[in-house]
Structures are given as structure tokens and as C-alpha cells.
Amino acid sequence: MSVTPPAPSRAAEILSRPVSINGLTVPNRIAMAPMTRMFSPDGIPGEDVVSYYARRAAAGVGLIVTEGTYVGHDSAGQSDRVPRFHGEEQLAGWAKVAEAVHAGGGTIVPQLWHIGMVRNQGEPPFADAPAVGPSGVRLDGTEGVGKAMTQRDLDDVIGAFAQAAAAAERIGFDGVELHGAHGYLLDQFLWSGTNRRTDAYGGDPVARAKFAAEIIAAVRETVSAEFPIIFRYSQWKQEAYDVRLAETPEELEAILAPLAAAGVDAFHASTRRYWLPEFDGSDLNLAGWTKKLTGKPTITVGSVGLDGDFIGGFAGEGSQVKGIDDLLDRLERDEFDMVAVGRALLQDPEWAAKVLGGRLDELAPYDAAALKTLS
Ligand SMILES: Cc1cc2nc3c(=O)[nH]c(=O)nc-3n(C[C@H](O)[C@H](O)[C@H](O)COP(=O)(O)O)c2cc1C
């Protein structure tokens, strides 16, 4: 007797369609959001990091964006437990991560990171390195604690991103994500609050986008033409959750257009709650506007499957499960192309398998205790 298989759920139908980003085909619409975990002593991702990512790929995550990983510039970071994307042992660790993710059927990009003026001098891995940024100004406006970058510094950092991207391609990653969000170095240039330069890298939105555009162009030149470059950006900054890069769609377009022209293949628009409209007069969220303004594939993010945002998560708050019908409606309308999931995937490595399998009733609330382990 033949048994009719159950009809696929609406979530499965919508989320399991493949999507292309330049030369890469991602098997479905679910991405893992980049999440710093600090489980890599001396910046080397070990076997526990390999299996942490591999578990999620094997359970259906189509695209893994790794935790932020420092590019090869002494001022890039401030922890020797955050993985680095330079150095022989570090890259050997990463190569194992990429291989294991591929074995599970997923695709993976490293998130390349420079923290700029967020750095406190004296911290590892390179204690003597100063904090550097567009104007030596911290996100809270404090002056005189870091170094305004010279042309030489800019060139060094551009080179560091290009080298990291070349390494990513060489060791088997499927693309790169450049971290241009949340008030870190690239965002410090994009945002007028931290960029007070009067040279070609400061002033109007196009000038403020010049440094990021030069990094993108350098990466584009260094990697193969079909190798995807994803650019993550946000309105919000750490320490300043309510500030905005752009108050209007026109301002946003002025920032994004030069980045797209420099070679971005997809944008990852970071918001805390994906369902909030970005500008008056339209329901589109930030990823929706980004797609409309640039024509590029976009990734949305922010409290997918949860009812409270991640800032509460850092403060130790849990979060209840929230339905994803509205998210599916938006995907169906092609408002954006992919959905990145953060805490829900930290909590439950099987999140994607449950959602793709129509087992939404098995999703568990987020408990901040998940931050303490690499399970
Ligand atoms: C523990 C943790 C670490 C994070 N680290 C990064 C990071 O390295 N790079 C980044 O761009 N965003 C980082 N984020 C933000 C997430 O990528 C994501 O945008 C945010 O958690 C919202 O998604 P969620 O509501 O699904 O958790 C982090 C978030 C968490 C919870």
C-alpha cells in the first residue's frame, strides 16, 4: 500500500528554494547570523568550533556567516579568543570549518572584521596597537583616545581586507562578508557621528562611503569574479542603538550606490526587529529598501522566530518563540531574499531542520545561558 507523503509546510515551501549570490548557489533561504563566541584561544578555531558550525549546516542552514574574525592588522581587534583570519594555524583551523560545513551540505563565508575605535589600547592580541578610526573619535563622541587614520593606515587596512578575502577563497570558503555594521571601523567611516574628516573620506554620504568602497574594490580585484562579496551594514551602532546612518531613502541610496558599484554582490541589512518599517510611508524593512534601491539580493535579520531583541539577550534575558508567518509573506513578495537567524540558532542547532520540516511546534524559547557554551 502506498502512503501519500505529507504536504510540505508553507515554511518549507518558501524557505527551501535555492538562491544565487553571484557565482554561489545557496541551497535555501536560511542563513546563520554572524555571532562572536570567543571560543578560539590564540585566535585559532579548534575542533569545537568546527563541530559547532558543522552541526548547524548538517541541520539545514543554507549559508553560514561566521562570527566576526579579525583581518590582519594589529589594531583590528581586542581579544585573543576571537578567531583571526590571518596566520597559518588560524587559517588551518578555518579550512577545517569550511570543509565540515560543506560536508554537511551548507555554504559558508567568514565575516571579516576590524573594530576601529571600539578598541581599548592595551588589550590583546597586539597590546601596543592603538585604536584607529576616521577621526580618533569614539562612538560616544570621546576625542583624543585613538588615532585618526593616515593614508598609510587606510592603505594597510584595505590591504588586510583584500588579503583575508584572498585567503578565504584559497582555503575553500564560498565568499566573504565584510563587517560594515554596528559602529565598527567601516561603519565609523559611514556615520557622520564618528567621521569628522575634511579630506576625500569625510563629508557627504558618498565621501563617507569611500573607504568601504575602496575595500570592496580591492577585495573584488583580489578574488575571482564569481566569488561573492556580501556587505553587512546597519543603521544602529553599539552604544547608540537609536542613531541612524540615513534618515531618508535618498540618503540611504547615496551610501549604498557606491558600495554596490564597487562590487558588492549582496547586502545584509542588520536590524533588531525585521518587522519594523524603515521609513515612513512604506512597510518595507531595511533589507526591503536595500533591495529596492540597489537591485542586489539582500538578507534580513532581527528577532526571527523570537519576540524580544538581542540586546535583552546580552543582558541575560530570554525570549519567547514568535511565529514567522509575516516573515514568509515578505519573502513570498520578494521584499528580500534570505533570512539570517541569530539567537534562535544559538539556542537550537536543529532550528533550520525543524522549520524546514514543518515542526514549528518543536521550537524552543531562547535562554541566554546558550551564550556560555558552544553546543
Ligand atoms: C552573541 C552574539 C554575538 C554577535 N556577534 C556579532 C558579530 O560578530 N558580527 C555581527 O555582525 N553581528 C553580531 N551579532 C548580531 C547578530 O548577527 C544578529 O544581527 C542579532 O543577534 C539579531 O539577530 P537575532 O535577533 O536573530 O539574534 C551578535 C549577536 C549575538 C547574540
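The values are calculated or read from the model by the stated rules, or taken from the named source; none is laboratory data. Just so you know, these numbers come straight off a predicted model, no measurement behind them. Reconstructed Cβ throughout: ideal geometry from the backbone, glycine too, with neighbour counts over all protein chains shown. These area figures cover heavy atoms from the full protein model, side chains too; ligands, DNA and RNA do not enter into them. Shrake-Rupley method; radii C 1.70, N 1.55, O 1.52, S 1.80 Å.
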Take the residues in the range 280-294 that are within 16 Å of the ligand (Cβ to nearest atom) and over 20 Å from N28 (Cα atoms), then tell me which one is surrounded by the fewest Cβ atoms within 10 Å (Cβ to Cβ).
N285
The residue that is nearest to S40 (Cα to Cα), considering only those in the range 149-166 that are crowded, with 18+ Cβ neighbours inside 10 Å and touching a strand residue (DSSP E or B) at 6+ places or on another chain (Cβ under 9 Å), is A164
State which residue is farthest from E88 (Cα to Cα) when the search covers only the range 25-48 and only residues that are open to solvent by 50 Å² or more (accessible area, probe 1.4 Å) and of a type in the set (S, T, Y).
T25
Specify the residue that is modelled with the highest pLDDT; the eligible residues are those in the range 313-335 that are more than 25 Å from S16 (Cα to Cα) and open to solvent by less than 10 Å² (accessible area, probe 1.4 Å).
S319
For the range 313-328, give me the residue count where each residue is of a type in the set (D, E) and closer than 15 Å to Y274 by Cβ.
2
Any pair with Cβ under 8 angstrom, 6 or more apart, that starts in the range 66-90 at a residue that is over 15 Å from E123 (Cβ atoms) and among the β-branched types (V, I, T) and ends at one that is open to solvent by 10 Å² or more (accessible area, probe 1.4 Å) and in a strand (DSSP E or B):
T69/R84; T69/W113; V71/W113
Candidates P27, P41, P6, P18 - the one that is away from the ligand (no atom under 16 Å from the Cβ) and at pLDDT below 95:
P6
(1) more than 10 Å from the ligand (Cβ to nearest atom); (2) open to solvent by 20 Å² or more (accessible area, probe 1.4 Å); (3) over 18 Å from the mean Cα position of the chain (by Cα); (4) not charged (D, E, K, R) all hold for P297 apart from (3)
Among (1) surrounded by 23 or more Cβ atoms within 10 Å (Cβ to Cβ); (2) within 16 Å of the ligand (Cβ to nearest atom); (3) within 23 Å of D128 (Cα to Cα), where does S79 come up short?
(1)
Give S303, S319, S270 a once-over and let me know the one that is within 11 Å of the ligand (Cβ to nearest atom), of a type in the set (S, T, Y) and closer than 30 Å to A162 by Cα.
S270
Reported set for the range 186-220 where residues are in a helix (DSSP H, G or I) and in contact with a Ser or Thr (Cβ under 9 Å, 6 or more places away or on another chain) is D187, Q188, P205, R208
Among P277, P258, P228, which is the only one that is open to solvent by 30 Å² or more (accessible area, probe 1.4 Å) and either closer than 25 Å to G77 by Cβ or touching an Asp or Glu at 6+ places or on another chain (Cβ under 9 Å) (or both)?
P277
So which residues in the range 330-346 are touching a Phe, Trp or Tyr at 6+ places or on another chain (Cβ under 7 Å) and near the ligand (Cβ under 7 Å from one of its atoms)?
V341, G342, R343, A344
What is the residue count in the range 233-252 for residues that are in contact with a His (Cβ under 8 Å, 6 or more places away or on another chain) and either open to solvent by less than 10 Å² (accessible area, probe 1.4 Å) or over 29 Å from G159 (Cα atoms) (or both)?
3
Of the residues in the range 261-272 that are part of a loop (DSSP other than H, G, I, E, B) and touching a Gly at 6+ places or on another chain (Cβ under 9 Å), the one that is most open to solvent (accessible area, probe 1.4 Å) is R272
Would you confirm whether or not the range 271-294 contains a residue that is hydrophobic (A, V, I, L, M, F, W, C) and in contact (Cβ under 8 Å) with a residue 60 or more places away in the chain?
no
For the range 212-243, give me each residue that is among the basic types (K, R) and modelled with pLDDT of 95 or more.
R220, R232
